[in-house]
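The values are calculated or read from the model by the stated rules, or taken from the named source; none is laboratory data. Remember, predicted model here, so these are calculated numbers, not experimental data. Here Cβ is always computed from backbone atoms with ideal geometry, including for glycine, and neighbour counts include all displayed protein chains. Note: accessible area is taken over every heavy atom of the protein model, side chains too, but ligands, DNA and RNA are not part of it. Shrake-Rupley method; radii C 1.70, N 1.55, O 1.52, S 1.80 Å.
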Amino acid sequence: MNGDDTDQDTTLDSQRFVDGADGDDEQLPPSTGDQGAQSERAAEGQSGDREQRTTREDEASAAGDQDPTDDESDPETASTVDTDSSSTVRGGVGSSGVDFDSESDDADSSVLDDVMLDDVGSEEPEEASQGLFDDLLAGDPIFENKEVLRPSYTPRKLPHREEQINNMATILVTALRGDSPSNILIYGKTGTGKTASAKFVSTELESTSQKYEVPCEVEYINCEVTDTQYRVLAQLANKFVEKNEAVIDEELDDLESLRERAHENPTVLAETEYDSVAAVEDRIEQLEDDRESFEQVPMTGWPTDRVYSTFFDAVDYHERVVVIMLDEIDKLVEKSGDDTLYNLSRMNSELERSRVSIMGISNDLKFTDFLDPRVKSSLGEEEIVFPPYDANQLRDILEHRAEVAFEGDALTDDVIPLCAAFAAQEHGDARRALDLLRTAGELAERDQTDDVDEDHVRKAQEKIELDRVVEVVRTLPTQSKLVLFAIIMLEKNGVHNINTGEVYNVYQRLCEEIDVDTLTQRRVTDLISELDMLGIVNAVVVSKGRYGRTKEISLSVPIDETEAVLLSDSRLSDIEDTQPFVQTRFDSDSN
């Protein structure tokens, strides 16, 4: 077959494809003579050199963007482009109605290129993302609602705290009669259910007050976070300002609606306290003035008496009974004294419309010993003590929470008893028991196992203990960190039965290295006793006969993790080589 015939056949295929793509009903005649003639005339307008045409095709293919207007003058090139386009469109683009006329071929080519590039570029990240999380989600979930096991969760039922809850309810019920309840102080160790019980009673109090339409509100403040008089008063003032503004806005909406209806029909005022539209407008104006008079208290900058005055006015804006719950109240007294408690406990003598009651929660049974006698007498009108849980009570609590927290049979039979036993050893801390159960579940989930077993509980116990040690060590003062670091260096270098003198020798060199004042040996001995009290070291006094008595010191915490926490301190991280300090200790002994 000669070159002309090839051109003729190729152009025919191209023309058929173009007509089909355009969707025209017009059919081509069976004869291809006209098309052959057109191909010949187009070929005569170009160089007859086939090598030149081949070079031009290669260049167009390399550029990736053939100009379709040149196809008429080069049938072979037109055939190549159309064939490529046909394969692409038949893959799914042609059905969307893309126009392949010569005027829009450039745009169509770019559209197809974009589609193909997008498909290629999106494959790898999608696969990587699916591979990363699909493997982790492959197994059945262990938790149904993990939040039930967190300390912030307030359950609908608190096992083994019925007596304390009933005592609180008996005291606070007077608020529902519009009277001021007695102030309450709640004592108990960490994890004995104090805060959860108080929040439960508060929620019930507020819901019952709404039921009987008695204005009663409870405001909760964590004094470990809000630990100054200014912050406590500012937070309370801002809460009541917001509530007052909401009450005013609601009343304004009702009055504006009433005013509009009264303009149309004045008889609607007969069933209200207003005798005219002018009286309604006066009340609207008064409410708008009241709203503008309220202002939020900034977190710093105001005199304390101005903050107190703002709080006082906001509380007394309308009739209500307010219970202020101060959690960790001993932290507030420790940092700011008892001025806040004195002011709050004396408010009722000055309030006209509202009444205020205080509910204090503390882990320290003796914090009232440091209060002013007047504050102590007014604050501690009622006292409720929460005893520690025993192992059986902790077991009931865990079973109650586990029913909601875990899926089906996710726990083996020995998990809850073991968690309860571990927590009962540490003064019956329910919070610790819940943390232990939650952590055991998380470890099982990471292992991608179907259930939580005894081994997960023991690993969780080790993890929680390590987390506690890390937090205690991280918050130690610099001098205590240096003493502990000296003990670690001695143990890492094979020294056993470490005594105070050996620790002090290494401690002195550490102080010199980071340019810190050196304490006396007696003071270092006191710091070692404090570390012993925290459970970080074990210091035992032993008798050396005629040489007197000394303390033998050993670490009670993992050495590598503790050292890493100490070196995270920017001052201790400057210590580059500790071996010379330990060597000096041996040199000092030899002298």
Self-check item: Tally, over the stretch 447-466, of residues that are under 20 Å from the mean Cα position of the chain (by Cα) and open to solvent by 50 Å² or more (accessible area, probe 1.4 Å)
Solution: 0
Practice problem: Quickly run through the stretch 398-427 and pick out the residues that are crowded, with 21+ Cβ neighbours inside 10 Å, of a type in the set (G, A, S) and outside any helix (DSSP H, G or I). | Solution: A410
Exercise. State which residue is modelled with the highest pLDDT when the search covers only the stretch 562-585 and only residues that are open to solvent by 80 Å² or more (accessible area, probe 1.4 Å) and in a helix (DSSP H, G or I).
Key: D574
Practice problem: Considering only the stretch 477-515, state which residues are without any contact (Cβ under 8 Å) to a residue 40 or more places away in the chain, aromatic (F, W, Y) and open to solvent by less than 10 Å² (accessible area, probe 1.4 Å). | Solution: Y507
Quiz item: In the stretch 270-288, is there at least one residue being under 34 Å from the mean Cα position of the chain (by Cα) and among the hydroxyl-bearing types (S, T, Y)?
Solution: no
Exercise. Examine the stretch 295-311 for a residue that is in contact with a Lys or Arg (Cβ under 8 Å, 6 or more places away or on another chain) and modelled with pLDDT under 90, and state whether such a residue exists.
Key: yes
Quiz item: Would you call T195 surrounded by fewer than 20 Cβ atoms within 10 Å (Cβ to Cβ) and β-branched (V, I, T)?
Solution: no
Practice problem: Starting from residues that are more than 23 Å from E224 (Cβ to Cβ) and of a type in the set (A, V, I, L, M), keep the ones in the stretch 344-370 and report whichever is nearest to the chain's Cα centre (by Cα). | Solution: M347
Practice problem: Spot the failing condition for Y389; the list is (1) out of contact with any Gly (no Cβ under 7 Å at 6 or more places or on another chain); (2) open to solvent by less than 20 Å² (accessible area, probe 1.4 Å); (3) of a type in the set (S, T, Y), and only one is missed. | Solution: (1)
Self-check item: the stretch 414-445, residues that are more than 14 Å from I397 (Cα to Cα) and in contact with a Cys (Cβ under 8 Å, 6 or more places away or on another chain)
Solution: A440
Quiz item: Among the candidates Q296, Q235, Q286, which residue alone is under 30 Å from T190 (Cα atoms) and open to solvent by 20 Å² or more (accessible area, probe 1.4 Å)?
Solution: Q235
Quiz item: Out of all the residues in the stretch 167-183, which are out of contact with any Cys (no Cβ under 8 Å at 6 or more places or on another chain) and either within 13 Å of K194 (Cα to Cα) or touching a residue at least 60 places away in the same chain (Cβ under 8 Å) (or both)?
Solution: N167, M168, I171, L172, G178, D179, S180, P181, S182, N183
